[in-house]
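To start, the structure under review is shown below, and the notes come after it.
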Amino acid sequence: MLGLAVLRFALPPPRASASFCTGAAAVTAAAAGDISLVDGSLRAVLRPEVDEADTVAAESAHRWRMVISYDGTKYKGWQYQPSPPTIQFFLEKALIHITKLDRKELCLVGAGRTDAGVHARGQVAHFTTPFAYHCLDSFHSAINGLLPPDIRVREISEASPEFHARTSSKSKIYHYKIYNGAVMDPFHNNYAYHSAHKLNPHAMQEAAKHFVGVHDFTSFANAVHNDRVRSPIKKISRFDVTEMDAIIQLEVEGTGFLYRQVRNMAALLIQVGKEGLPPGIVPKIIAAKDRKELAKVAFLAPPHGLYLMSVNYDKEILKPPEGSPPISFGRNHQISRCKLLFY
């Protein structure tokens, strides 16, 4: 018989501000927080092992870095909101359940606010706890066990107090995928934009090189309905167009991007690829510094072809503090020996 899987990690000591049950029920509830995994295949019991080595004073916060992948098809983007649900909502829900902290204490921050329908291979986020973990593998397994199957934490590590997922980033890499065939492959339907019109990747590459450098990208930014004022001056270090059978992949790396900038750049390159516009249109649209000029020649590319592939940092800022637990890349499971009955 296969035994019940037990995940063990340290939980924080009770805080005066928290509300608790009374009597024996309180002790039982605090000692064993049952968690039902999303797929229903296993019920894991997380039992705290609290000692002086596992906990620290609340004022000495520990910061944790996560690398996250997700299929954005069903979600309203990254930014927190309960309905329709977002990636951040589900991550915070899992972290709150495991750590028993509220979202203000966790302070979960993502490196990029991907839009509804946009995917990620290497989104980065950080959160804080007033206590430490001596092992991250069980914690890692617990998070993924609580998340929907189309959201996965790939890596967890302790980070220095100076690390910030968004402001510490050196550059971001995005991909935009275009399926360039007469008939759309149904297996790419949610993961690539379909262009039945045969595109010219060489013309697209010629146009893409005009994006490289430091420019005012006002013409490629949609209006943002919030109080954040961002500089339209951005640096793009490279923009590559690669043909891979029926897929044309756009890969752009830059220090930062404006709201929907990558999708707007992809939309213009698609029009150039159709040979309806010359590659030299790019510097003219950039110089106009007016979103209306781009709207005259190209529509916004749909979100499902876009991927946040990676967020890059200086090696120094990624060094974990001294005495940190080993980085968790997930845990391999092994089948224990058992007796099989033969009939």
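The values are calculated or read from the model by the stated rules, or taken from the named source; none is laboratory data. Values in this document were obtained by computation on a predicted structure and should not be read as measured data. Positions of Cβ are generated from backbone atoms using ideal geometry, with glycine treated the same way; all protein chains shown enter the neighbour counts.
May I ask you to verify whether VAL224 is in a loop (DSSP other than H, G, I, E, B) and either out of contact with any Leu (no Cβ under 7 Å at 6 or more places or on another chain) or of a type in the set (Val, Ile, Thr) (or both)?
yes
Residues to consider are ALA94, ALA120, ALA125; find the one that is at pLDDT 95 or above, small (Gly, Ala, Ser) and under 21 Å from TYR176 (Cβ atoms).
Criteria check complete, one pass: ALA120.
Output the number of residues of the range 260-281 satisfying the condition of being over 26 Å from TYR191 (Cβ atoms) and either touching a Phe, Trp or Tyr at 6+ places or on another chain (Cβ under 6 Å) or not in a loop (DSSP other than H, G, I, E, B) (or both).
Counting residues in the range 260-281 that are over 26 Å from TYR191 (Cβ atoms) and either touching a Phe, Trp or Tyr at 6+ places or on another chain (Cβ under 6 Å) or not in a loop (DSSP other than H, G, I, E, B) (or both) gives 1.
Can you pull out the residues in the range 175-207 that are in contact with a Leu (Cβ under 6 Å, 6 or more places away or on another chain) and either among the hydrophobic types (A, V, I, L, M, F, W, C) or assigned to a strand (DSSP E or B) (or both)?
Matches in the range 175-207: TYR176, MET204, ALA207.
Check ASP245 against each of (1) of a type outside the set (A, V, I, L, M); (2) more than 24 Å from GLU162 (Cα to Cα); (3) surrounded by 14 or more Cβ atoms within 10 Å (Cβ to Cβ) and name the one condition it does not meet.
Tallying (1) of a type outside the set (A, V, I, L, M); (2) more than 24 Å from GLU162 (Cα to Cα); (3) surrounded by 14 or more Cβ atoms within 10 Å (Cβ to Cβ), ASP245 fails exactly one: (3).
Just to be sure before I move on: is ALA116 outside any strand (DSSP E or B), out of contact with any Phe, Trp or Tyr (no Cβ under 6 Å at 6 or more places or on another chain) and either in the same structural domain as ARG263 (by TED's automatic domain parsing) or within 25 Å of TYR193 (Cα to Cα) (or both) in the structure I sent?
For ALA116, the condition - outside any strand (DSSP E or B), out of contact with any Phe, Trp or Tyr (no Cβ under 6 Å at 6 or more places or on another chain) and either in the same structural domain as ARG263 (by TED's automatic domain parsing) or within 25 Å of TYR193 (Cα to Cα) (or both) - is met.
Would you point out the residue of the range 75-96, among those that are charged (D, E, K, R) and touching a residue at least 24 places away in the same chain (Cβ under 8 Å), that is surrounded by the most Cβ atoms within 10 Å (Cβ to Cβ)?
Among those that are charged (D, E, K, R) and touching a residue at least 24 places away in the same chain (Cβ under 8 Å), it is LYS76.
Can you name every residue in the range 124-149 that is outside any strand (DSSP E or B) and either of a type in the set (S, T, N, Q) or within 14 Å of ALA94 (Cα to Cα) (or both)?
Hits for the range 124-149 are SER138, PHE139, HIS140, SER141, ALA142, ILE143, ASN144, GLY145, LEU146, LEU147, PRO148, PRO149.
Take the residues in the range 288-325 that are in a helix (DSSP H, G or I) and among the aliphatic types (A, V, I, L, M), then tell me which one is farthest from ASP216 (Cα to Cα).
For the range 288-325, the residue satisfying everything is LEU318.
Table: residues versus (1) hydroxyl-bearing (Ser, Thr, Tyr); (2) out of contact with any Gly (no Cβ under 9 Å at 6 or more places or on another chain); (3) farther than 16 Å from TRP64 by Cβ; (4) buried (at least 18 other Cβ atoms within 10 Å of the Cβ).
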site	(1), (2), (3), (4)
ILE98	no, no, no, yes
GLU105	no, yes, no, yes
HIS119	no, no, yes, yes
PRO130	no, yes, no, yes
CYS135	no, yes, no, no
SER141	yes, no, no, yes
PRO161	no, yes, no, no
ILE173	no, no, yes, yes
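If you go through the range 182-189 one residue at a time, do you hit one that is charged (D, E, K, R) and outside the structural domain of HIS304 (by TED's automatic domain parsing)?
No: zero hits.
Here is a list of conditions, (1) under 30 Å from TYR193 (Cβ atoms); (2) in contact with a Phe, Trp or Tyr (Cβ under 6 Å, 6 or more places away or on another chain); (3) at pLDDT 95 or above, and TYR80 meets all of them except one; can you say which number that is?
Only one criterion is unmet by TYR80, namely (3).
Residues in the range 119-140 that are of a type in the set (Gly, Ala, Ser) and either more than 24 Å from PRO325 (Cβ to Cβ) or not assigned by TED's automatic domain parsing to the domain that holds ALA61 (or both): how many?
Residues that pass the stated criteria total 1.
What residue, of LEU318, LEU294, is buried (at least 17 other Cβ atoms within 10 Å of the Cβ) and modelled with pLDDT of 95 or more?
Exactly one residue qualifies, and that residue is LEU294.
LEU250 passes all but one of (1) outside any loop (DSSP other than H, G, I, E, B); (2) aliphatic (A, V, I, L, M); (3) surrounded by fewer than 17 Cβ atoms within 10 Å (Cβ to Cβ); which number fails?
Every listed condition holds for LEU250 apart from (3).
Answer with yes or no whether THR242 is among the polar types (S, T, N, Q), touching a Lys or Arg at 6+ places or on another chain (Cβ under 7 Å) and within 23 Å of GLN261 (Cβ to Cβ).
Taking the combined requirement at face value, the residue does not satisfy it.
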